[in-house]
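**Student:** Pasting in a structure now, in structure tokens, and then I'll have a few things to ask.
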Amino acid sequence: MNKTELVNAMAEKAGLTKADAKKAMNACFASIQEELNKGEKVTLIGFGTFSVVERKARTAKNPRTGATVKVAAKKVAKFKAGSNLIVAKKAAKKKK
């Protein structure tokens, strides 16, 4: 599912216009991004938690040349699925 398909699904399920659903989704994503930029966590109970973690500097190997490369430390976004999402995934897997 891509962003357009998600907007369409949201609009249908919430009884919104596609334009309103797109505005709501963009506002949601922007709010999550703002909080992550501040270093805060965003917890959506039952769905999951977005957080920022810091990866340490490390050395890696270029698979093409075999040369070692230094990778700088950086902060990355992380998502941990909540209980409802995990249960839904397991139920969908059993149906297959």
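**Student:** Treating only the Cβ of Lys, Arg, Asp and Glu as charged (+1, +1, -1, -1), what charge dipole size does the stretch 20-96 show about its Cα centre? Round to the nearest 20 debye.
**Tutor:** In total the dipole reaches around 660 debye.
**Student:** Have a look at Val71, Val53, Val42 and tell me which one the Gaussian network model of the chain (Cα, springs below 10 Å) gives the largest fluctuation.
**Tutor:** Per the Cα network of the chain with a 10 Å cutoff, Val71 tops the list.
**Student:** Still on this model: Do any GluC sites (Glu not before Pro) in the stretch 1-73 lie in a DSSP loop with no more than 16 other beta carbon atoms within 10 Å, and if so, which?
**Tutor:** Taking the stretch 1-73 and a limit of 16 other Cβ atoms within 10 Å, the loop GluC sites (Glu not before Pro) found are Glu40.
**Student:** Put +1 on the Cβ of each Lys and Arg and -1 on the Cβ of each Asp and Glu in the chain; which of Leu44, Val71, Ile32 then has its Cα farthest toward the positive end of the dipole?
**Tutor:** Val71
**Student:** Next question. Lys and Arg at +1, Asp and Glu at -1: add these up for the other residues within a Cβ distance under 9 Å of Lys74 and post the number.
**Tutor:** Value of the local net charge: +1.
**Student:** A further question follows. What share of the DSSP beta bridges in the chain is antiparallel, in percent to the nearest 5?
**Tutor:** Taking every DSSP beta bridge within the chain, about 100 percent pair in antiparallel fashion.
**Student:** Once phi is turned into θ = phi - 60°, what whole-Hz ³J(HN,Hα) does the Karplus curve with 6.51, -1.76 and 1.60 give for every residue of the stretch 27-38, x standing for Gly and Pro?
**Tutor:** 5, 4, 4, 5, 5, 4, 5, 4, 5, 5, 5, 7
**Student:** Quick one: what are the phi-derived ³J(HN,Hα) couplings along the stretch 82-89, Karplus 6.51/-1.76/1.60 with θ = phi - 60°, whole Hz, x for glycine and proline?
**Tutor:** Here the 3J(HN,Hα) series is x, 4, 5, 5, 5, 5, 5, 5 Hz.
**Student:** Right, another one. As a footprinting exposure proxy, order Ile32, Ile86, Ile45 by other Cβ within 10 Å, with the fewest listed first.
**Tutor:** Placing the least packed residue first, the sequence is Ile45, Ile86, Ile32.
**Student:** Short version: ³J(HN,Hα) in whole Hz for each residue of the stretch 12-25, in order, from phi by Karplus 6.51 cos²θ - 1.76 cosθ + 1.60 (θ = phi - 60°), x for Gly and Pro, what are they?
**Tutor:** 5, 6, 9, x, 10, 6, 4, 5, 5, 5, 5, 4, 5, 5
**Student:** So for the pair Thr43, Thr4, with labels modelled 7 Å out along Cα→Cβ, what separation do we get in nm?
**Tutor:** 3.8
Here, each number is a calculation from the coordinates, and none is a lab measurement. Values in this document were obtained by computation on a predicted structure and should not be read as measured data. Virtual Cβ from ideal backbone geometry, glycine too; neighbours counted across all protein chains shown.
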